[in-house]
Amino acid sequence: MENKAIFQTKKLKYIANVLDQFRKPITADKRNQNADILYDYYGASGAIDKIDGYTIDDHVMLIGEDGANLRLRNLPLMYEVNGKAWINNHAHILKPKDGTDFYFLFFALESIDINPYVTGSAQPKLNQENLKEIPVPFPPFAEQQRIANFLDEKCGEIDSIRTDVQREIEILNDYKKSVITEAVTKGLNPKAKLKDSGIEWIGNIPDGWNSIKAKYLFKQRNSRGNTIDLQLLSPSQKFGVIPQSKLEELTTQKVVKLNEKVNLAELKTIHKGDFCISLRSFQGGFEYSEYEGVVSPAYQVFYSIVPSCNGYYRYLFKEKSFIEKMNSFTMSLRDGKNIAFEDFANSEMPVPPLSEQKAIADYLDEKCSAIDATIADKQRQLETLDEYKKSLIFEYVTGKKEVS
């Protein structure tokens, strides 16, 4: 008899208990974290916080009740809890019944298509009634254990390789940051004589460089209005200032649109080569625009008023020490307030000779492109590993392949 013949299909309600009575939501401000013993606080996407109490003390598995991940599956669907934990109302709690192996069910639910049981598109939801109706492959208990043990070993090997690749990506990102820092603060000549810049976050700079306050290099742009039907742009840490439609295409996510009450005449004009400041995009530095358009009035736009290479400052404004310096101006800010342009304007900036600015920008364009290409290749390796892991689990929990 082939292995496939011993596989049945059973609805989840017949092989696992739903323990949602142990769920309890609690707002962040009421999650006490000053106790000596803290427990994981779980939501739809795993442990998201710590808390001084627990709602359950058991070996259970969690599956999200709501959220985009139910359809996109960018994150794991299933999470294991073994012991004391606090579960909120965004995750269902499952405990296998007798005759159901915990890890076989865990692997099965992670691998099968649950889309037919998820309702809603803008706000996907897997309610308890639909959850119980999900059909699950169900071989005899001994076979479940054999499959679970096999997959645990194989998935562990895949996860180990994945961890190594992820670490390589982190090393490459750190290397890229160091290359940028070295070039924008010390130039390209390792033998250049250095002098004190007088800029705390920079330190020494090449002897031929100057240090000048940003207000003598850049000016704020305050022109407003969409009278010539300019396209609406969105600042982003990864892609700079780009059209909203393009940002949605690149991220495959919906971009937050302007409130209908915003007067189009109040939108700020931004030109190609301008820079943009906003608290929301600031953690990755100042953003650079390659496009003509308009941005939300919440953003502050500025441009160069002296002969300079925007490419050099584009890299400088993403440099780690610069970001930390600008971040010091936001420490006491709340409610999404922007960095004041005046804080940036009164900060000293390194100013290499124009020819050197261009050389640094060209060097970094080439160097960073090469690093980014290697990172992209590593990211493709991660995607391949993830797809292989998914297909491996699916083939064995459904009986398409047999554990030898």
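The values are calculated or read from the model by the stated rules, or taken from the named source; none is laboratory data. In this text, all values refer to a predicted model and were calculated from it rather than measured experimentally. Every residue, glycine among them, receives a Cβ derived from its backbone with ideal geometry; neighbour counts consider all protein chains shown. Surface accessibility is based on the protein's heavy atoms, side chains included, excluding ligands, DNA and RNA. Shrake-Rupley method; radii C 1.70, N 1.55, O 1.52, S 1.80 Å.
The set of residues from region 344-370 being of a type in the set (S, T, N, Q) and over 17 Å from residue 210 (Cβ atoms) comprises just one member, 369. Out of all the residues in region 243-267, which are at pLDDT 85 or above and among the aliphatic types (A, V, I, L, M)? Listed by number, the list holds a single entry, 267.
So, in region 211-237, of the ones that are in a loop (DSSP other than H, G, I, E, B) and hydroxyl-bearing (Ser, Thr, Tyr), which residue ends up modelled with the highest pLDDT? Of everything passing the filter in region 211-237, 223 is modelled with the highest pLDDT.
Every residue, every condition in (1) modelled with pLDDT under 95; (2) surrounded by fewer than 18 Cβ atoms within 10 Å (Cβ to Cβ); (3) among the charged types (D, E, K, R); (4) more than 21 Å from residue 33 (Cβ to Cβ), yes or no:
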| residue | (1), (2), (3), (4) |
| --- | --- |
| 57 | no, yes, yes, no |
| 63 | no, no, no, yes |
| 67 | yes, no, no, yes |
| 70 | yes, no, no, yes |
| 75 | yes, yes, no, yes |
| 82 | no, yes, no, yes |
| 86 | no, no, no, no |
| 93 | no, no, no, yes |
| 96 | no, no, no, yes |
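Looking at region 115-171, which of its residues are touching a residue at least 60 places away in the same chain (Cβ under 8 Å), more than 21 Å from residue 401 (Cβ to Cβ) and either open to solvent by 20 Å² or more (accessible area, probe 1.4 Å) or among the polar types (S, T, N, Q) (or both)? Within region 115-171, 125, 127, 128, 132, 133, 162, 166, 168 meet the criteria. I'd like to check something: does region 317-333 contain any residue that is surrounded by fewer than 18 Cβ atoms within 10 Å (Cβ to Cβ), of a type in the set (A, V, I, L, M, F, W, C) and at pLDDT 95 or above? So far as region 317-333 goes, no, none of its residues is surrounded by fewer than 18 Cβ atoms within 10 Å (Cβ to Cβ), of a type in the set (A, V, I, L, M, F, W, C) and at pLDDT 95 or above.
With respect to residue 384, determine if the residue is part of a helix (DSSP H, G or I), free of Cβ contacts under 8 Å to residues at least 24 places away in the same chain and farther than 15 Å from residue 183 by Cα.
Considered against the rule, which asks whether it is part of a helix (DSSP H, G or I), free of Cβ contacts under 8 Å to residues at least 24 places away in the same chain and farther than 15 Å from residue 183 by Cα, residue 384 comes out as yes.
Total residues in region 100-113 satisfying the condition of being modelled with pLDDT under 95 and not acidic (Asp, Glu): the figure is 2.
Restricting to region 346-404, give me the number of residues that are among the hydroxyl-bearing types (Ser, Thr, Tyr), surrounded by 13 or more Cβ atoms within 10 Å (Cβ to Cβ) and over 27 Å from residue 135 (Cα atoms). Qualifying residue count, region 346-404: 3. Taking region 378-393 as the range and being in contact with an Asp or Glu (Cβ under 9 Å, 6 or more places away or on another chain) and more than 15 Å from residue 168 (Cβ to Cβ) as the test, the residues that pass are 389, 390, 393. Only a single criterion out of (1) surrounded by fewer than 22 Cβ atoms within 10 Å (Cβ to Cβ); (2) at pLDDT 95 or above; (3) not aliphatic (A, V, I, L, M) is not satisfied by residue 291, namely (2).
Scan region 22-55 residue by residue and report those that are part of a strand (DSSP E or B), open to solvent by 30 Å² or more (accessible area, probe 1.4 Å) and of a type in the set (Ser, Thr, Tyr).
39
Restricting attention to region 295-310, report how many residues are open to solvent by 20 Å² or more (accessible area, probe 1.4 Å) and either under 14 Å from residue 285 (Cα atoms) or of a type in the set (Asp, Glu) (or both). Counting residues in region 295-310 that are open to solvent by 20 Å² or more (accessible area, probe 1.4 Å) and either under 14 Å from residue 285 (Cα atoms) or of a type in the set (Asp, Glu) (or both) gives 2.
Taking residue 58 as the residue in question, decide whether it is without any contact (Cβ under 8 Å) to a residue 40 or more places away in the chain and either outside any loop (DSSP other than H, G, I, E, B) or hydrophobic (A, V, I, L, M, F, W, C) (or both). Yes: the conditions hold for residue 58.
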